Amino acid sequence: MLFRKLALTVMSALVVAVPVGCSAGTGSKESPAKSAGANNTESNAPKEKVTIEVWSNTRHDKDVREAMIKKYNETNRDNIVINYKIFTDNYNDQLKLALNAGKPPDLAYNFPATLTEADYSLDLNHLITPNIRQRFDSAAFFIAPWAKNGELTSVFENTTNFKLVYNKDLFKAAGLDPEKPPATWQEMRDYAKKITAIGGERSMDWACR
């Protein structure tokens, strides 16, 4: 979830960029070499530090995420610092208090649907370019049923892969090849019907071996 206050950072970056783009029309009498030198000085000047505060209640991968963020903070050239906070208890209450106080984080993981009615979130639709949409699966840009006016207020940042564990004896009893487990959700349904058909509790007993 991206909150509206981060839009100020984006707008500030645009405002800074405008004078640079329009400098050619100022009527300056400076020599091209001098102007080029001034531009080089501007481009080499250190960028203003930007701190992005991120809140999460995800603890199982804490060490991995913190290591990645530490590396990013130390190596990125845009002078961006991510302040990553993990809340172990009362996460939803902490978010609600921050929102009511007008001091929400810039980004929040697992934003509760009960708080989406308030006008806090930023619509990301205009930020997701066609190039970004091509790079990721369309499921990453799923618009939640409770979203207002088709707003995209969150983006999935990870996927979970499932592993199939099955009983080969049960497959044989149902006339299925135990060396060819289902490869699609439809095959999974079809196999389940065949296994169920061989006999109620008996199939359940074999499935649990």
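The values are calculated or read from the model by the stated rules, or taken from the named source; none is laboratory data. As the structure is a computational prediction, the values presented were derived from the model and not from experiment. Positions of Cβ are generated from backbone atoms using ideal geometry, with glycine treated the same way; all protein chains shown enter the neighbour counts. SASA here: full protein model, heavy atoms, side chains in, ligands and nucleic acids out. Shrake-Rupley method; radii C 1.70, N 1.55, O 1.52, S 1.80 Å.
Based on Cα atoms of segment 54-198, Rg over Rh with Rh as the Kirkwood radius reads 1.11.
Selection among T129, N76, A98 by position relative to the dipole of segment 76-153 gives N76 as farthest towards the positive end (Cβ unit charges, Cα centre).
Given a 1.4 angstrom probe, I'd like the percentage of the accessible area of segment 64-152 that is carbon and sulfur, rounded to a whole number. Could the numbers behind the result be given before it?
Details: 3210 of 6040 Å².
Whole-percent figure for carbon plus sulfur exposure: 53.
Considering only Cα atoms, the convex hull volume of segment 69-155 works out to 146 Å³ per residue.
Ranked from largest to smallest solvent-accessible area, with a 1.4 Å probe on the protein heavy atoms, F111, F156 come out as F156, F111.
For R77 and H126, the FRET efficiency from 1/(1 + (r/R0)^6), where r spans their Cβ atoms and R0 equals 35 Å, is about 0.85.
The dipole here belongs to segment 70-163: it is taken about the Cα centre, uses +1 on the Cβ of Lys and Arg and -1 on the Cβ of Asp and Glu, and is about 340 debye. Extending 7 Å from Cα along the Cβ direction at V64 and again at L164 yields two label points whose distance is 2.4 nm.
Taking amide H atoms as placed 1.01 Å from N in the peptide plane, the amide H of V81 lies under 5 Å from those of V50, T51, I52, each 5 or more residues away in sequence or on another chain. Residues in segment 118-201 average 76 Å² of solvent-accessible surface per residue, probe 1.4 Å, ligands and nucleic acids excluded.
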